[in-house]
Every structure is written in structure tokens, then in C-alpha cells.
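The structure appears right after this line, and notes come after that.
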Amino acid sequence: MKPQMAFQLALARLIGIIGVPFILMTAAVAYGGAQLTIDADSQYRYAQSRLDTDAFDEAIAEFSRFIHFFPADPRVPQAHFQIGLAHFDAGRYPEAAAIFQSQTAVYASSSLDNRAFFMLSRSHAAQGMIEQAMVDLHNLMALSPPAEVIDRALYELGWLHVDQGRWKLADQAFGRIGAGTRERLEIDDLTRVLADSRTLPVKNPILAGALSIVPGAGQFYCGRYQDSLTALVLNAGLIWAAWEAFDDENYALGSVIGFVEFGFYTGNIYGAISSAQKYNRDRAGELRERLYPFRQMTLSLAPVPHGGVLCLKADF
């Protein structure tokens with residue numbers, strides 16, 4: 001092979017070795033660059049779509065990505081709120097409460113601030129922290145928000161009292177709702193049913209326990225007549241059997257029967273107290289079942305690019 005041809009062949013091979021990777025690298029960079037281009041509106045819409053389809057963990061990740069890449073976007077506070085909403089809908093109430101709590105720390109009387117207070121209250125209520133949920137609503141009202149926000153806070157406060165069987169406090173909360181909102185929320189019809197709580201039949205657990213000194217009397221007081229007869233016959237039978245054993249000087253058997261009878265006797269007292277409490281719970285539950293049909297759906301407006309989404313929430 002001639003030296004000139006050998007040189008040209010070697011040069012071609014060198015160009016091939018260097019050029020192909022260079023071309024591939026350039027293409028990869030160009031392709032990768034297109035892949036990493038993120039548009040704020042598209043990212044927010046995608047994050048919201050994940051939340052709308054109940055993909056809560058994905059929604060949290062996508063809203064977090066939105067906040068990271070677009071920290072100056074005016075929707076960042078709303079994105080934080082949506083992350084809290086995703087935690088709430090996923091049943092992670094402490095995590096949701098932490099996010100809503102941070103959003104209520106600085107109050108500017110915005111729609112988002114008000115919704116954060118309501119969701120904070122609901123997050124605490126979902127954890128069984130009813131008193132704290134009520135405090136959240138009182139804190140919101142103390143900040144002097146618009147009248148319609150105060151009315152909604154009073155409405156939710158009233159239902160928290162209903163859930164706890166605090167009928168008088170519920171009536172007071174509903175009674176403070178402004179005239180402009182009362183008709184829309186059917187407050188007058190609601191309070192008419194709630195007035196039946198004043199004549200709600202109740203049983204005194206202490207009295208039921210005291211009456212059970214005579215076996216079965218406490219159950220009879222609570223309207224549990226079959227249980228009353230059973231308690232009377234069983235305890236009377238054991239007392240008679242123990243008496244007969246001691247009368248026959250069979251002290252060992254009498255002691256055993258007496259020990260068993262003591263258990264049944266104390267159980268009879270405890271059962272009467274429990275019966276009174278169950279009676280009261282059942283009557284309260286019946287009243288709640290009559291009240292719950294009046295529970296209204298709540299509306300809120302969530303901002304999205306170039307518009308908003310009207311959110312409808314119903315409590316069942």
C-alpha cells in the first residue's frame with residue numbers, strides 16, 4: 001500500500017472514531033435538553049391532574065417539582081395547599097395539618113388563607129382532636145374575615161358540636177349565622193329539628209348503677225326488660241345457692257359460689273351503667289340522623305392557569 005493511501009485510511013478511521021461519538025453526544029444533549037424543558041402551566045396542570053385522579057403521592061411529587069422549578073410563580077402558595085389536600089385525601093391528617101398550619105401563620109384575609117383554616121380544622125377533627133378543630137375556627141373568626149367566611153366558620157363549628165352531642169352549643173353557633181346566609185343553609189329548618197334535643201329522653205348512668213343494688217333494677221330503668229329479668233333470676237339463684245351451702249356448713253362450696261356471685265353482681269351494676277350510656281348514645285344518634293340531611297355542600301374556588309375550578313364538597 002502506498003504511504004499516501006495509508007495516511008488517508010488512518011485519517012478516515014480517526015475521524016470515524018472521534019466523529020461518531022461526538023455526533024451521538026450532540027444528539028443526546030439536544031434530546032435531553034428538549035426533555036428537561038418544563039413549562040409552569042403544563043407542570044401545574046399535570047400535578048393537578050394527578051390529584052384529580054386520586055394519585056396522591058404523584059400529585060405531591062409533581063406539586064413539589066412545580067414549587068422547586070418555579071418559586072416565583074404566584075401559584076406557589078396554592079401548590080402548597082394542594083399538597084396538604086393530597087395528604088388529607090390520602091388519610092395522612094398530621095402531615096396535612098402541618099402544611100395548613102404553616103399557611104395560617106401569616107394571614108392576609110385571602111381566599112386561600114381562609115380555606116387553609118377550614119382544612120386545618122378538618123385535619124384536626126379527622127384525628128379526633130375536636131377541641132383543637134373548634135379552636136382553629138375560633139382563631140379564624142378572631143381575625144375578622146369577611147362576613148360570609150364567619151358564617152361558614154359558625155356553620156362548621158355548629159356541626160362539630162352536633163357530632164359531639166352538644167346540642168345547646170350547636171344551636172348557639174347556628175343562631176349566630178347572618179340573615180343573608182340562613183335561608184341558603186336552611187338554618188331555620190335545622191334549628192327546628194335541633195330544638196327536639198331539649199326533650200330528648202336520657203337515662204342517668206349514676207342512677208342506673210345505684211338502682212342495680214337490687215339486681216336487674218338498673219336494666220329495668222333503662223328499658224332493657226329481658227336483661228333485667230335475667231340479672232334478677234341469675235343473681236337471686238346464686239345468692240340462694242350460696243346461702244344453702246353455708247347453711248349446710250359447706251363453707252368451701254359456699255365461698256366459691258359467693259365469689260362467682262360477686263362477679264355477677266358487680267357485672268350487673270356495670271351493665272346497668274353501660275345500658276344507660278348506650279341508651280343516651282342511641283337517642284343522640286337518632287337525632288343526628290334527623291339533622292344530617294340538612295348538612296349543606298360547601299363550595300370553593302381553586303385558581304388554575306387562565307381561570308379557576310369550582311370545587312364541590314359534600315359531607316356524608
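Quick notes on this one:
- Between ARG184 and HIS68, the C-beta separation translates, for a Förster distance of 35 Å, into a calculated FRET efficiency of about 0.25.
- Relative to the current alpha-carbon distance between THR199 and ALA142, full extension at 0.36 nm per residue lengthens the span by 17.1 nm.
- Amide H to amide H, with H built 1.01 Å from N, SER212 comes under 5 Å of GLY218, counting only residues 5 or more places away or on other chains.
- Only the Cβ atoms of Lys and Arg (+1) and of Asp and Glu (-1) were treated as charged; on that basis the dipole of the range 205-292 about its Cα centre amounts to roughly 760 debye.
- If R0 is 41 Å, the Cβ-Cβ spacing of TYR270 and GLN172 corresponds to a FRET efficiency of close to 0.70.
Values in this text are rule-based calculations from the coordinates and carry no lab data. It should be emphasised that the depicted structure is a prediction, and the values quoted were computed from it without experimental measurement. Note that each Cβ is placed from the backbone with ideal geometry, even for glycine, and that neighbours are counted across all protein chains shown.
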